[in-house]
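Worksheet: the structure to be examined is printed underneath.
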């Protein structure tokens, strides 16, 4: 006899959150072992590949954090010389943040670890299913207001 299925066992939002939690916990241990906090990792990773940088608002959305937390993290990274920050010349209320050369170097090592972690996750489900999953998740994200 099959046991009854709990609601959460088939609830998409729970499954996405639980999978993210499990997979992130593994990688976050690696990041912290490198002496990097998770908020710092998220800011550095978000800025990688954005040569002109991102606004603090864009970082807030990308890092899944609130503006005061991102501003505090950016302050630390500026002090460490890993990012620079400047006001938008056309709108002084907007602040842009971008990686410095030192920030690029620091994040590259972390990204190599992230890619290795991702490869282990993909190996568990297969590359084809991974691409389907990524596409589906992007569609879910894109339909957000």
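Listing for the model above:
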read-out	value
Nitroxide proxy distance, nm - points 7 Å out along Cα→Cβ at residue 143 and residue 80	3.8 nm
Alpha-carbon centroids, region 1-71 and region 78-145: separation in whole Å	10 Å
Extended-chain gain in nm, criterion 0.36 nm per residue less alpha-carbon gap, residue 105 and residue 56	15.5 nm
Folded to 0 to 90 degrees: helix 12-33 orientation relative to the chain principal axis, Cα	50 degrees
Mean residue ellipticity (222 nm) of the chain, computed from DSSP H runs ≥ 4 via -39,500 (n - 2.57), nearest 500	-21000 deg cm²/dmol
Computed over region 31-76: relative contact order in percent, which uses C-alpha pairs under 8 Å that are six or more apart	36 percent
For the chain: relative contact order, % (alpha-carbon pairs under 8 angstrom, 6 or more apart)	19 percent
Förster radius 41 Å - calculated FRET efficiency between residue 112 and residue 5 (Cβ-Cβ, nearest 0.05)	0.55
With Cα atoms, 0 to 90° folded angle of helix 38-47 axis to the chain main axis	70 degrees
Whole-angstrom Cα spans of region 18-142 along principal axes, big to small	46, 33, 24
0 to 90° range, to nearest 10: angle between helix 101-125 axis and the chain longest Cα axis	10 degrees
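Just so you know, all these numbers are worked out from the coordinates, no wet-lab data involved. The structure presented is a predicted model; accordingly, all values stated were derived computationally and were not measured. Glycine gets a Cβ as well: all are built from the backbone with ideal geometry, and neighbour counts include every protein chain shown.
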